[in-house]
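As structure tokens, the structure follows; a few thoughts come after it.
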Amino acid sequence: TYAEAVTIMMRVLGYEPSAQANGGFPTGYLVSAGSAGLFKGGISAPTNAIATRGIVAQLAFNALTINLMERTGFGVNETYEVVDKTLLYNKLDVEKLTGQVVATSETTLSGQSSLKADQVQIKVEGTTTTYKTSLDASPFIARNVVFYVQEQANGEKEIILITNNKNK
């Protein structure tokens with residue numbers, strides 16, 4: 001059901017103590033999920049409704065960038081806090097960034113390019129960085145993008161997904 005899918009995601013994110021404090025299954029999990037931001041993208045369904053693939057996919061996607069809840073105190077001082085860690089970065093070693101594509105192997109915003117075919121330059125918060133990618137970034141030249149970067153074994157950062165930033 002929808003409530004069970006939400007419960008699974010909240011347990012993966014470590015929010016079970018919060019959900020239990022808010023009344024347990026299903027209400028506590030739904031309340032905690034709303035507070036954490038799990039329902040981004042307009043997810044909504046009756047508690048006992050069938051959890052469709054689309055709903056589960058959106059919940060999983062949203063869960064990737066929600067800050068995790070971890071135990072920070074032990075013993076008689078057992079406490080839980082939301083920490084600055086996400087499934088995406090801390091468990092999958094993928095970083096989500098936003099920026100503007102300023103150069104590909106074909107061209108740059110200022111003229112000729114000296115980049116290799118598997119490179120792209122993206123300006124993030126005033127700093128331009130060259131990334132490796134097997135994706136065709138040429139359609140994104142001069143566009144604001146959301147991109148996902150994974151650090152490779154050799155220390156090189158590789159873009160594994162790039163999309164238009166719909167917020168810009």
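Straight-line reach from residue 116: which aspartates and glutamates have Cα under 15 Å away, leaving out those fewer than 8 places along the same chain?
106, 136, 156, 158
Taking Rh as the Kirkwood radius, which is the inverse of the mean 1/r over Cα pairs, what is the Rg/Rh value for segment 128-168? List each step's numbers first, then the result.
Details: Rg = 10.8 Å, Rh = 11.0 Å.
Taking Rh as the inverse mean 1/r over Cα pairs, Rg/Rh reads 0.98.
When the accessible area of the chain is split by element with a 1.4 Å probe, what percent falls to carbon and sulfur? Each step should come with its number before you reach the end.
On the way: 4830 of 9870 Å².
Exposed carbon and sulfur together represent 49 percent of the surface.
Can you tell which of 95, 78, 151 shows the greatest fluctuation in a Gaussian network model of the chain with Cα springs below 10 Å?
Of 95, 78, 151, the most mobile in the Gaussian network model is 78.
Any idea of residue 159's accessible area? Nearest 10 Å², probe 1.4 Å.
Looks like 0 Å² after rounding.
For segment 1-77 and segment 128-168, what is the centre-to-centre distance using only Cα atoms, to the nearest Å?
30 Å
222 nm [θ] for the chain, helices only, -39500 (n - 2.57) per DSSP H run of 4+, per residue, to 500?
Working: 4 runs with 38 residues, N = 168.
Value at 222 nm, helices only, nearest 500: -6500 deg cm²/dmol.
Once you've got the GNM for the chain with C-alpha springs shorter than 10 Å, pick whichever of 88, 109, 64 has the biggest mean-square fluctuation.
Among 88, 109, 64, the largest GNM mean-square fluctuation belongs to 109.
Probe of 1.4 angstrom, ligands and nucleic acids ignored: what's the accessible area per residue over the chain, in square angstrom? Before the final figure, lay out each step's value.
On the way: 9870 Å² over 168 residues.
Dividing the accessible area of the chain by its residue count gives 59 Å².
Over the chain, with a single point scatterer placed on each C-alpha, what log10 of the ratio I(q)/I(0) does the Debye formula yield at q = 0.15 1/Å?
Debye output, listed in q order: -0.88.
Please compute the contact order of segment 1-147 in relative form: average sequence separation of alpha-carbon pairs under 8 Å and at least six residues apart, divided by the residue count, as a percent.
Values: 227 pairs, mean separation 24.3, N = 147.
After rounding, I find 17 percent.
Answer with one residue from 12, 56, 45: the one whose Cα lies farthest towards the positive end of the charge dipole of the chain, charges on Cβ with Lys, Arg +1 and Asp, Glu -1.
45
Among 115, 38, 30, which one moves the most in a GNM of the chain with springs linking Cα atoms closer than 10 Å?
Highest fluctuation among the options: 115.
The values are calculated or read from the model by the stated rules, or taken from the named source; none is laboratory data. Everything numeric in this text was worked out from a predicted model, so none of it was measured. As a convention, Cβ positions derive from the backbone with ideal geometry for all residues, glycine included, and neighbour counts pool all protein chains shown. Each accessible area value is taken on the protein alone, full model and side chains, heavy atoms only, with ligands, DNA and RNA left out. Shrake-Rupley method; radii C 1.70, N 1.55, O 1.52, S 1.80 Å.
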